[in-house]
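Engineer: This structure is in structure tokens; I'll ask about it shortly.
The values are calculated or read from the model by the stated rules, or taken from the named source; none is laboratory data. Every value quoted in this text rests on a predicted model; they were computed, and no experiment measured them. Please note: Cβ atoms are built from the backbone with ideal geometry, for glycine as well, and neighbour counts cover all protein chains shown. With ligands, DNA and RNA removed, areas are computed over all heavy atoms of the protein, side chains included. Shrake-Rupley method; radii C 1.70, N 1.55, O 1.52, S 1.80 Å.
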Amino acid sequence: MKREENVSLEMSILQHMILVLASVLTLYPVLWVIKIALDPSEGLSTDLSVVSQEVSLNNFKFILFEQPFFTWLLNSAIISISTTLIGVLLACTAAYAFSRFRFPGRSAGLISFLVTQMFPGTLMLIPLYIILEKLHLLDRIAGLVFVYSTTAIPFCVWILKGYFDTIPKDLEEAARVDGASTFTIFWRIMMPLARPVIAITALFSFMTAW
């Protein structure tokens, strides 16, 4: 009995040691970033210690009061929120159409969405620049929203379509028997049931744009 208690105690100590080590490895990058933020030197320190010899708030003063930081923050928020709203709305409608309707070009459309995810983003820099220049959207918030929305939609459509496929069609058939239109089924039945995946899609779109 005593031997079992000793073994249990040793296992508990080992588990706690592993957890402490994992916590240190997780917190170290955060502490190092805080140290760099409070370091008064202008260059990036190569010292791996998380303890700073000098502490200063000049970096925060510079970015908050000597730079248009809040304007940048507002622009980022506007772009990210607009991208999320447009991307999720278009992705939901497209995903529902691909999931429930059979129409010419359906398979080609799904494959094209998938193929676009195989190319690196840098490959689209020149075409996107030319398109934005033709539309007179360079150096405009609308241009960024347009670019971020179009690049996020294919992935979002695939996520939403997969979820819509899992929703039983019996619910739609029952609604049609009661006289519900296609839009009513989509808005009153499918959208509420898809709230979890819509939240994930919205988060993905927001983080991508941010």
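Engineer: With the condition kept exactly as written, say whether any residue in region 117-124 is surrounded by 11 or more Cβ atoms within 10 Å (Cβ to Cβ) and either among the aliphatic types (A, V, I, L, M) or closer than 17 Å to SER80 by Cα (or both).
Structural biologist: Step one: of region 117-124, the residues surrounded by 11 or more Cβ atoms within 10 Å (Cβ to Cβ) are 124.
Subset that is either among the aliphatic types (A, V, I, L, M) or closer than 17 Å to SER80 by Cα (or both): 124.
Scanning region 117-124 turns up at least one residue that is surrounded by 11 or more Cβ atoms within 10 Å (Cβ to Cβ) and either among the aliphatic types (A, V, I, L, M) or closer than 17 Å to SER80 by Cα (or both).
Engineer: On the given criteria, is ALA77 closer than 25 Å to ILE141 by Cα, surrounded by 12 or more Cβ atoms within 10 Å (Cβ to Cβ), touching a helix residue (DSSP H, G or I) at 6+ places or on another chain (Cβ under 6 Å) and not basic (Lys, Arg)? First the steps, then the outcome.
Structural biologist: Details: closer than 25 Å to ILE141 by Cα: yes; surrounded by 12 or more Cβ atoms within 10 Å (Cβ to Cβ): yes; touching a helix residue (DSSP H, G or I) at 6+ places or on another chain (Cβ under 6 Å): no; not basic (Lys, Arg): yes.
The answer is no for ALA77.
Engineer: So which helices (runs of 4 or more DSSP H) are wholly in region 1-111 and hold at least 1 residues that are closer than 30 Å to ASP170 by Cα and among the hydrophobic types (A, V, I, L, M, F, W, C)?
Structural biologist: The qualifying helices (runs of 4 or more DSSP H) are 69-100.
Engineer: What is the residue count in region 173-194 for residues that are under 32 Å from the mean Cα position of the chain (by Cα), open to solvent by less than 60 Å² (accessible area, probe 1.4 Å) and of a type outside the set (Val, Ile, Thr)?
Structural biologist: The qualifying residues number 5.
Engineer: Quick one: count up the residues across region 68-93 that are touching a residue at least 40 places away in the same chain (Cβ under 8 Å) and under 30 Å from ARG106 (Cα atoms). Can you show your working first?
Structural biologist: Pass one, region 68-93, residues touching a residue at least 40 places away in the same chain (Cβ under 8 Å): 75-76, 78-84, 86-88, 90-93.
When the remaining residues are screened for being under 30 Å from ARG106 (Cα atoms), the result is 80-84, 86-88, 90-93.
Qualifying residue count, region 68-93: 12.
Engineer: Shifting gears a bit: So how many residues does region 125-153 have that are charged (D, E, K, R) and either buried (at least 16 other Cβ atoms within 10 Å of the Cβ) or not in a helix (DSSP H, G or I) (or both)?
Structural biologist: Number satisfying all stated conditions: 2.
Engineer: Can you tell me which of VAL177, VAL157, VAL145 is in contact (Cβ under 8 Å) with a residue 60 or more places away in the chain, of a type in the set (Val, Ile, Thr) and farther than 18 Å from ILE78 by Cα?
Structural biologist: Step by step, each of VAL177, VAL157, VAL145 is checked, and only VAL157 is in contact (Cβ under 8 Å) with a residue 60 or more places away in the chain, of a type in the set (Val, Ile, Thr) and farther than 18 Å from ILE78 by Cα.
Engineer: If VAL197 passes every condition in (1) part of a helix (DSSP H, G or I); (2) over 19 Å from LEU89 (Cβ atoms) but one, which one does it miss?
Structural biologist: Evaluating VAL197 over (1) part of a helix (DSSP H, G or I); (2) over 19 Å from LEU89 (Cβ atoms) leaves (2) as the failure.
Engineer: If we scan region 154-172, do we find a residue that is part of a helix (DSSP H, G or I), out of contact with any helix residue (DSSP H, G or I) (no Cβ under 7 Å at 6 or more places or on another chain), over 26 Å from ILE111 (Cβ atoms) and open to solvent by 50 Å² or more (accessible area, probe 1.4 Å)?
Structural biologist: Yes, some residue in region 154-172 is part of a helix (DSSP H, G or I), out of contact with any helix residue (DSSP H, G or I) (no Cβ under 7 Å at 6 or more places or on another chain), over 26 Å from ILE111 (Cβ atoms) and open to solvent by 50 Å² or more (accessible area, probe 1.4 Å).
Engineer: Further, regarding this structure: Among all residue pairs at least 6 apart or on different chains, which show Cβ distances below 6 Å where the first residue, located in region 51-67, is of a type outside the set (S, T, N, Q) and the second is assigned to a loop (DSSP other than H, G, I, E, B) and modelled with pLDDT under 85?
Structural biologist: GLU54/PRO40
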